[in-house]
Each structure stands twice: as C-alpha cells, then as structure tokens.
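Reviewing the structure listed below.
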Amino acid sequence: MKNYILRRVLNLFFVLFLVSIIIFLLLRLAPGDPAKVIAGEHASQEIIEEIRIRLGLDKPLITQYFIWFKQILRGNLGTSIQSRDSIMKELLLRFPNTFELSVFAMIFAGIIGFPAGIISAVRRYSFLDYVSMFIALIGVSMPVFWLGIMLLMVFGVKLDLLPIGGRLSVYISLKPITHFYLIDSLITLNGRAFFDTLKHLILPSIALGTIPMAFLARITRSSMLDVLHQDYIRTAKSKGLRQSIVIRKHALKNAMIPILTTAGTTFALLMGGAILTETVFSWPGIGTYVVQAVYARDYPVVQGSVLFIAFLIAITNLTVDILYAYLDPRIHYQ
C-alpha cells in the first residue's frame with residue numbers, strides 16, 4: 001500500500017506539471033491582453049508597454065513559464081494582476097465556501113440518488129423504477145444555471161422562503177475561525193448564524209447536486225442489478241434471509257466500488273466545476289474567483305486556480321482508490 005501511494009503521489013506531481021504547461025499555453029493563445037485591460041480603453045501604447053514590462057509579459061513564453069514554475073515549487077501561486085493579493089491566500093479563503101457547498105450538494109445527491117437507485121434495482125421494471133429513472137433522466141438533462149434561476153424565482157422571489165444569494169445574511173455577524181461557516185457558528189455557539197448558513201446552502205446545493213443525484217441513481221441501479229444476479233445472492237435468499245438483510249449485508253457492499261468511484265469523481269468535479277452555480281447564487285467560492293479572473297484577463301489567478309483545482313481532483317481520486325481496499329478485501333495494491 002505504501003509503495004502504491006508513493007507511486008500515485010509521484011504521478012500526481014507529473015500530472016500537475018502537465019496541467020501547468022497546458023493552462024499556461026492556452027491562456028497565452030486566448031485573445032486579449034491583460035496590460036490593455038489594466039491600462040483602460042483610452043490608454044496610450046507607451047503606458048500599455050510599460051505595464052507589459054512591469055508584469056513581465058514582454059519576456060519570451062519559456063522564460064515567463066519558468067519564472068512562474070519556480071514560484072510554484074516554493075508554494076507560491078503568484079500575485080493577482082488586478083488586486084495584487086496573494087493567489088494562494090485568496091484560494092484558501094474561498095476553498096471553505098466551495099467545499100461546504102460541494103459537501104451539501106453531495107449529501108443531497110446521496111440522500112435521493114442512492115435510495116432511488118437501490119429501489120429501482122430491487123423493483124426492476126416496476127412503476128417506481130420507471131419514475132426514478134425518468135426523474136434521473138430529467139436531472140441529467142437539466143442545465144444547472146436554468147435550474148438555479150428557477151429555484152431563485154420560485155423559492156426566493158415568489159414564495160420568499162429562502163435567501164436568493166450570498167453565504168450569510170448581512171444582518172448576522174459571525175467570527176471567522178476556520179472559515180467554514182457551519183463549523184465556526186458551532187464553535188462560537190452562534191445559533192442564528194448556523195441556521196442562516198443552512199438556509200443559504202439549500203438552493204445552491206439542490207441546483208449543484210441535481211446532476212450528481214441523477215448519475216448516482218443510475219450507477220447505483222446498474223451496479224445493484226449486476227450484483228443481484230450473482231450466485232451468492234441467490235444462495236443467501238435460499239437460506240431464508242430477509243430481503244433487507246440480503247440487500248444491506250451482501251448486495252450493497254459488493255456494489256459499492258462503481259458507486260464510490262462515481263461519487264468520488266463527481267465530488268472532485270463539483271469543487272472545481274461549481275462555476276455556474278456560484279455565479280447564479282453569488283456564492284464567493286473558487287468558481288466565482290476564476291470567472292472574475294477570466295473576464296479581467298488575470299493570467300496568474302486563472303493559472304493558479306486551475307492548478308489548485310487539479311490538485312484537489314487528484315487528491316480526491318487518490319483517496320477514493322485507497323478506500324477501495326477497505327471496501328473490498330479482494331483488492332490489493334502491490
């Protein structure tokens with residue numbers, strides 16, 4: 001196991017190196033000049049060139065890359081062109097926001113998708129099966145931004161039941177300790193902030209978790225169907241065991257590998273791909289930070305953010321692989 005983890009960590013650094021090269025080149029090939037954005041529309045060419053020299057954009061691409069890469073090796077993702085703030089500091093401040101939203105989105109997806117997939121597999125070709133898979137099909141097909149807007153209009157504007165944006169109401173104060181608002185509100189015994197944070201999480205979590213819910217329902221159904229036709233399941237049933245015991249102790253455990261793979265990969269993508277949801281709900285996460293940087297042609301922020309997201313995805317995938325060995329004793333890493 002130790003050798004396997006070591007190999008995966010080495011592969012992780014190699015993947016991040018490739019990602020850094022790709023994102024660096026893609027940004028330089030994209031139209032637009034950050035020096036012109038900073039200088040303004042009516043700035044003279046002399047001012048634009050001065051800004052380019054100050055930002056190091058006048059140097060050859062290979063030189064620009066290695067200057068940036070040396071900063072990465074020191075744990076420094078650079079400085080924002082627009083705000084002059086540390087990119088790593090900004091990402092670490094925004095990471096709790098995105099992580100908290102992704103966790104609640106996956107909780108929503110699991111609470112609905114996991115049981116729906118099990119019921120569909122156990123009651124195959126029944127009315128419940130058709131309804132569950134039809135809802136899953138709608139969930140996969142529904143655009144996230146459209147669903148978010150509809151949720152805002154219905155529950156936020158028309159019914160006025162839930163907040164329409166942000167992470168905490170302006171009239172509620174909370175002392176940031178870990179920057180995970182739910183944890184901070186519990187540490188400081190701030191009940192108003194805790195429940196207000198939960199209210200702000202409901203709509204974006206539903207919008208973000210709908211597609212993962214649909215995927216989880218479909219993969220759970222498929223995996224359970226494969227397991228339910230195995231000989232050991234028929235043997236367990238022939239012994240007179242209740243169906244609930246057969247499902248819980250025999251079928252479900254052996255069907256968890258593909259389910260865990262889907263859940264882990266989806267969770268990793270949520271942390272890096274919640275851009276539309278964060279934009280619609282004005283959620284101050286990593287996705288919003290990246291969008292603002294793209295509009296401003298802030299190369300260092302986009303580069304650092306993509307590299308940070310790639311690191312999160314790689315770590316999540318490594319964690320899922322390690323969990324395989326604990327779920328299925330037949331799996332051994334040499």
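Tabulated data
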| item | result |
| --- | --- |
| Length gained when the stretch MET142-ARG28 is fully extended (0.36 nm per residue, less Cα-Cα span) | 37.7 nm |
| Percentage relative contact order, segment 1-158, counting C-alpha pairs under 8 Å, at least six apart | 8 |
| Using alpha-carbon coordinates, inclination of helix 191-228 to the longest axis of the chain, degrees | 50 |
| Taking segment 130-206 and dividing mean pair separation by its residue count, relative contact order in percent (alpha carbons under 8 Å, at least six apart) | 28 |
| C-alpha center-to-center spacing [segment 217-289, segment 69-138] in angstrom | 14 |
| Carbon plus sulfur fraction of accessible area for segment 200-334, probe 1.4 Å, in percent | 63 |
| Karplus-derived 3J(HN,Hα), 6.51/-1.76/1.60, for each residue of segment 89-104, Hz, glycine and proline x | 4, 5, 5, 5, 6, 8, 4, x, 4, 5, 5, 4, 5, 5, 4, 5 |
| Segment 163-322 - convex hull of alpha carbons, volume per residue in Å³ | 163 |
| Within the chain, longest stretch clear of exposed chymotrypsin sites (Phe, Trp or Tyr not before Pro) (DSSP loop, no more than 13 other Cβ within 10 Å) | 172-334 |
| Helix 256-273 axis, angle to the chain major axis (alpha carbon atoms, nearest 10°) | 20 |
| Residue-wise HN-Hα coupling along segment 280-295, computed from phi with Karplus coefficients 6.51, -1.76, 1.60 (Hz; x: Gly, Pro) | 5, 9, 6, 8, x, x, 5, x, 4, 4, 5, 4, 4, 5, 5, 4 |
| Count, lysine Cα pairs under 27 Å in the chain, 8 or more residues apart or across chains | 14 |
| log10 of Debye I(q)/I(0), alpha-carbon scatterers only, for segment 242-299 at 0.24, 0.26 Å⁻¹ | -0.90, -0.97 |
| Value at 222 nm in deg cm²/dmol, rounded to 500, when DSSP H runs of n ≥ 4 in the chain each add -39,500 (n - 2.57) | -23500 deg cm²/dmol |
| (1) 62, 50, 36; (2) 85, 56, 40; (3) 71, 44, 41, with the label sought being that of the calculated Cα extents along the principal axes in Å | (2) |
| Kirkwood-type radius of segment 27-135, with distances r between different C-alpha atoms, in Å | 18.8 |
| For the chain, accessible area per residue (1.4 Å probe, heavy atoms of protein chains only), Å² | 55 |
| In order through segment 68-77: 3J(HN,Hα) via Karplus (6.51 cos²θ - 1.76 cosθ + 1.60), integer Hz, x for Gly, Pro | 5, 5, 5, 5, 4, 4, 8, x, 10, 7 |
| Carbon/sulfur fraction of accessible area - segment 129-197, other protein chains in place, 1.4 Å, % | 74 |
| Ranked packing of 77-84, 298-305, most packed first, by mean Cβ within 10 Å | 298-305, 77-84 |
| For the chain: relative contact order, % (alpha-carbon pairs under 8 angstrom, 6 or more apart) | 26 |
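The values are calculated or read from the model by the stated rules, or taken from the named source; none is laboratory data. Just so it is clear, the model here is predicted, and its values are computed rather than measured. Don't worry about glycine lacking a Cβ; one is built from the backbone with ideal geometry, like all the others, and counts go over all protein chains shown. The area values use the complete protein model at the heavy-atom level, side chains included, leaving out ligands, DNA and RNA. Shrake-Rupley method; radii C 1.70, N 1.55, O 1.52, S 1.80 Å.
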